[in-house]
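J.: The structure follows.
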Amino acid sequence: MALSRLSLRSNSFLKPLAATALPTSIRRHVSTDTTPITIETAVPFTSHLCEAPSRSVETSSEEILAFFRDMARMRRMEIAADSLYKAKLIRGFCHLYDGQEALAVGMEAAITRKDAIITSYRDHCTFLGRGGELVDAFSELMGRKRGCSNGKGGSMHFYKKDASFYGGHGIVGAQIPLGCGLAFAQKYSKEENVTFTLYGDGAANQGQLFEALNIAALWDLPAILVCENNHYGMGTATWRSAKSPAYFKRGDYVPGLKVDGMDALAVKQACKFAKEHALKNGPIILEMDTYRYHGHSMSDPGSTYRTRDEISGVRQVRDPIERVRKLLLSHDIATEKELKDMEKEVRKEVDDAVAQAKESPVPEPSELFTNMYVKDCGVESFGADRKELKVTLP
Amino acid sequence: MWGIMRQRAVDGGLAASSLRRTRSALVSARSYAAGSKEMTVRDALNSAIDEEMSADPKVFVMGEEVGQYQGAYKITKGLLEKYGPERVYDTPITEAGFTGIGVGAAYAGLKPVVEFMTFNFSMQAIDHIINSAAKSNYMSAGQINVPIVFRGPNGAAAGVGAQHSQCYAAWYASVPGLKVLAPYSAEDARGLLKAAIRDPDPVVFLENELLYGESFPISEEALDSSFCLPIGKAKIEREGKDVTIVTFSKMVGFALKAAEKLAEEGISAEVINLRSIRPLDRATINASVRKTSRLVTVEEGFPQHGVCAEICASVVEESFSYLDAPVERIAGADVPMPYAANLERLALPQVEDIVRAAKRACYRSK
């Protein structure tokens, strides 16, 4: 790996940074320094029924670099998935997350693997953020047994229980009460952990959200509802689906925070704040202002309900990876070449994972009947022709 | 007449497959006229809704992406432009809410056509379909009827996984007060949807995503704006004398292919397209079994308590002494739908399954 061949800077060389950039005379190699750096978010937080956290985010060179690498990996994964879908190696539905990467990485930076995350069908990058492997993701997308759900779930049903990632849900809004249930269990078991339940602006009007939120508030559950507001519910813009698109205020009696979701550091700050709040005071809503470059899914061109100018505009001005690149360059944490090399490495990582996944076998036919129940009772199950294929469940 | 039809079909320059369809055309009173026109199921549904909206100002369309997006599957394409936002309503993603609103509008005498992007999402609204719509006429002793249509794709598509592949025919068809229809061909789609929209009772209209793009020959009669098919009548798609195959929706196509294969082996299969799951045309089914003495039922949905189970029960109850072989059921596998392509294929009925079951009923070895 290129990084390890570069010399590491010792702490004495580093001076704590203010918001201003270092003088350009100091040239650094790519840094893995963990000395705290403080960065101001570009956009302030807007709060509802709470005091917004500070715009000054504590971070480090190492963390910002990790953001860059992780987001680049997520971006490349989604672009590779686009090609695989067009090549018909991925079937069915495929909902891509490119543009929204800052959310996944910023959240992970604020929490532990004991905190739970549950999300919708737009779950590939969330899975990666929770420590999922690229090859497991691509294998699942291509219906191979190496996939994270053994090929039985598909794009919308990635899970990683050992990292407290509870999927991957196909029905809009269903994950919200489920997430509150995870929070319920955390409180019941007296763990000091929280649950982040992710949903989109499309799901924000679902009745079940308000039902679960009401209970979460009544019972002080450590539930953090995160609205990934990418401004379109499939083809319907927020102004056409919500009387009040101020999603962070929709909790009414539940506090909320509006966050620049394209800024990984702002996301980190907000999630840190939300975790502290939820452990003490119960539910809180985070509205992440974000954007998806692709259409709703691979079946949606994404250009019949928004202009190409809008999409390219966001890419030019707010792209989360470019944001972090500029930060790394302006703070002299890495050079342009080093970052480009990192991107090349990531690209190779992704290509290798795709190649590996392509080689991996499909599930055995007997897998049709596995994992129906945890405990069988000599239950019989049948194939399409019940006289031809009858199985006692394993 | 048969010869004339074939001649006309050849003159019309039809593709081989639709030629086969006209070859196996029905011999009931409503036969196809010269079928040189073809129509996709999508266009058939679109034209049906269009014509009914034109004929009756109380008819309106409601659902996700039905307006500006032109319909998630383009079934409602062009309707917003033609009729405006007071007849075509884009809803938020809130099935329980908008379905309840639709049923309420029907209580007041309007005629909503509510689209579910797939029937999997109707589960969010099932209380309104059953408790608010199906039972109202009965509970109110006829004061409140509910002239609503719930429509959308039902059953498996291709690779959409466990939460997006379920068939709801058996669930909805078990409810008294509902009418449940399942078209196969373009003519079915037009005639049944127009009938459903005109019907004063709640109708669950189960389409199939994979059939939307399929073309079928369509008669002049079926293209007429007054065309309507009766609710509760099955159609004999192919006459036969050795075994009766009963099914609905996409499986009708599979059954017809199976009948072709069986014919090559000297077995003459009669294929019945249910068209209507509730009311179930028990008379046509039993008359056919009394003729052939053998029954194969086919559906895509889960086997336990399925549509096929009801058909088998009906035949065993009413035509037991006519049966020469045990009744056969081919259904979806008794598992949630897996994503992997090879597993998905195993989870759904294939033509060879239908052929095998028919041969078993005829006591023929493989």
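The values are calculated or read from the model by the stated rules, or taken from the named source; none is laboratory data. Just so you know, these numbers come straight off a predicted model, no measurement behind them. A quick note on method: Cβ atoms are made from the backbone with ideal geometry, for glycine too, and the neighbour counts reach across all protein chains shown. Heavy atoms of the whole protein, side chains included, go into the accessibility calculation; ligands, DNA and RNA do not. Shrake-Rupley method; radii C 1.70, N 1.55, O 1.52, S 1.80 Å.
J.: I need the Debye-formula profile for the stretch B:90-213: one equal scatterer per C-alpha, no solvent, reported as log10 I(q)/I(0) at q = 0.17, 0.18, 0.19 1/Å, two decimals.
T.: Result of the Debye calculation: -0.83, -0.92, -1.03.
J.: Residues with amide H under 5 Å of B:I277's amide H, sequence separation 5 or more or different chain, H placed in the peptide plane at 1.01 Å from N; which?
T.: B:V180, B:L181, B:A182
J.: Continuing with this model, one more query. Going by amide H atoms built from the backbone, whose H comes under 5 Å of the H on B:N208, apart from near neighbours?
T.: B:N154
J.: Tally up the carbon and sulfur contribution to the accessible surface of the stretch B:69-177 as a whole percent, 1.4 Å probe, everything protein left in place. Don't skip to the answer; put the middle values down first.
T.: Values: 2410 of 4010 Å².
Percent of accessible area from carbon and sulfur atoms in the stretch B:69-177: 60.
J.: Continuing with the same structure: What share of all Cα pairs of the protein assembly as shown, in percent, falls into each consecutive 20 Å distance bin?
T.: 16, 44, 30, 10, 1
J.: What's the Kirkwood radius of the stretch A:40-363 in Å, using all Cα pairs? Before the final figure, lay out each step's value.
T.: Values: mean 1/r = 0.0508 Å⁻¹.
Evaluated over the stretch A:40-363, this radius sits at 19.7 Å.
J.: For the protein assembly as shown, build the charge dipole from Cβ charges (+1 Lys, Arg; -1 Asp, Glu) around the Cα centre, then report which of A:T126, B:Y83, A:H48 sits farthest towards its positive end.
T.: Of the listed residues, the answer is A:T126.
J.: Given Cβ point charges of +1 (Lys, Arg) and -1 (Asp, Glu) and nothing else, what value in debye, to the nearest 20, does the dipole of the stretch B:235-361 about its Cα centre take?
T.: On the way: 17 positive and 19 negative charges, 36 e Å.
Here the size comes out at about 180 debye.
J.: Give, in nm to one decimal, the length gained when the segment between A:K280 and A:W219 is fully stretched (0.36 nm per residue of separation minus the Cα-Cα distance). Mind dumping the intermediate values first?
T.: Numbers: separation 61, 0.36 × 61 = 21.96 nm, distance 1.20 nm.
Contour length minus Cα-Cα distance gives 20.8 nm.
J.: Now for a different question. Any chance you could tell me what percent of the C-alpha pair distances in the stretch B:140-186 go past 14 Å? The partial results should precede the final answer.
T.: Numbers: 696 of 1081 pairs.
The calculated P(r) of the stretch B:140-186 puts 64 percent of pairs beyond 14 Å.
J.: Which residue, B:Q350, B:Q304, B:Q166, has the most motion in a Gaussian network model of chain B that connects Cα atoms within less than 10 Å?
T.: Largest GNM mean-square fluctuation: B:Q304.
J.: Fully extended, how many nm does the chain gain between A:E310 and A:A246 (0.36 nm per residue separation, minus their Cα-Cα distance)?
T.: On the way: separation 64, 0.36 × 64 = 23.04 nm, distance 2.08 nm.
Answer, rounded to one decimal: 21.0 nm.
J.: Applying the Karplus parametrisation 6.51 cos²θ - 1.76 cosθ + 1.60 with θ = phi - 60° to the phi angles of the stretch A:77-82, what ³J(HN,Hα) value in whole Hz is obtained for each residue in order, glycine and proline being reported as x?
T.: For the stretch A:77-82, the Karplus curve yields 4, 5, 5, 5, 4, 4 Hz.
J.: Could I ask something else about it? In percent, what relative contact order does chain A have, based on Cα pairs under 8 Å that are 6 or more apart in sequence?
T.: Values: 762 pairs, mean separation 81.0, N = 394.
Relative contact order comes out at 21 percent.
J.: To the nearest hundred square angstrom, how large is the accessible surface buried between B and A, total for both chains, probe 1.4 angstrom? Provide the component values of the computation, followed by the final result.
T.: Working: alone 15720 and 18630 Å², together 30660 Å².
Protein heavy atoms only, the B-A interface buries about 3700 Å².
J.: At q = 0.13, 0.17, 0.21 Å⁻¹, what base-10 log of I(q)/I(0) does the Debye formula yield for the stretch A:193-347 when every alpha carbon is treated as an equal point scatterer in vacuo?
T.: Ignoring solvent entirely, the Cα scatterers give -0.72, -1.04, -1.25.
J.: Using amide H atoms built in the peptide plane, which far-off residues or other-chain residues are under 5 Å from B:F60 H to H?
T.: B:K111, B:V113
J.: Let me ask something else. Over the stretch B:235-361, with every protein chain in place, what whole percent of the accessible area is carbon and sulfur at 1.4 Å, could you tell me? Mind showing how you got there, number by number?
T.: Numbers: 2260 of 4320 Å².
The C+S portion of the solvent-accessible surface of the stretch B:235-361 is 52 percent.
J.: Using the Cα centre of the stretch B:235-361 as origin and beta-carbon charges of +1 (Lys, Arg) and -1 (Asp, Glu), tell me which of B:M337, B:G240, B:S314 is placed farthest towards the positive end of the dipole.
T.: B:G240
J.: In the P(r) worked out for the stretch A:172-268, what percent of Cα pairs fall beyond 21 Å? Please list the in-between numbers first.
T.: Working: 1527 of 4656 pairs.
Across the stretch A:172-268, Cα pairs with separations above 21 Å total 33 percent.
J.: Measure off, as a whole percent, the carbon and sulfur share of the 1.4 Å-probe accessible area of the stretch A:75-193, all protein chains present.
T.: Numbers: 2070 of 3840 Å².
Of the solvent-accessible surface of the stretch A:75-193, carbon and sulfur hold 54 percent.
J.: So how far, in whole Å, is the C-alpha centre of the stretch A:231-272 from the one of the stretch B:236-253?
T.: For the stretch A:231-272 versus the stretch B:236-253, the Cα centre distance is 53 Å.
J.: Can I ask one more? As a check on your grasp of the helix formula, calculate [θ] at 222 nm for chain B: sum -39500 (n - 2.57) over DSSP H runs of n ≥ 4, divide by the residue count, round to the nearest 500. List each step's numbers first, then the result.
T.: Numbers: 14 runs with 134 residues, N = 366.
For chain B, the value works out to -10500 deg cm²/dmol.
J.: For the protein assembly as shown, give the magnitude of the charge dipole about the Cα centre (Cβ charges: +1 Lys/Arg, -1 Asp/Glu; no others), in debye to the nearest 20.
T.: Numbers: 92 positive and 95 negative charges, 168 e Å.
Computed about the Cα centre, the dipole is about 800 debye.
J.: While we're looking at this one, here's another question. What length, rounded to one decimal in nm, is gained on full extension from B:S140 through to B:K37, with 0.36 nm per residue of separation minus their alpha-carbon distance? Write out the running numbers ahead of the final one.
T.: On the way: separation 103, 0.36 × 103 = 37.08 nm, distance 4.59 nm.
Length gained between B:S140 and B:K37: 32.5 nm.
J.: First obtain the Kirkwood hydrodynamic radius of the stretch B:230-279 from its Cα pairs, then insert it into the Stokes-Einstein equation at 20 °C and 1.002 mPa s, and state the resulting D in µm² per second as a whole number. Mind dumping the intermediate values first?
T.: Details: Rh = 10.9 Å.
Result for D is 196 µm²/s.
J.: How long are the semi-axes of the equivalent ellipsoid of the stretch B:235-361, defined as square roots of 5 times the Cα gyration tensor eigenvalues? Whole Å, largest first. Walk me through the numbers on the way to the answer.
T.: Details: eigenvalues 100, 56, 32 Å².
Largest first, the stretch B:235-361 gives 22, 17, 13 Å.
J.: Pick from A:F165, A:F93, A:F127: which is most flexible by mean-square fluctuation in a GNM of chain A where alpha carbon atoms under 10 Å apart are linked?
T.: In the Gaussian network model the winner is A:F93.
J.: Report the far tail of the P(r) of chain B, meaning the percent of Cα-Cα pairs longer than 29 Å.
T.: Working: 26720 of 66795 pairs.
So the portion of pairs separated by more than 29 Å is 40 percent.
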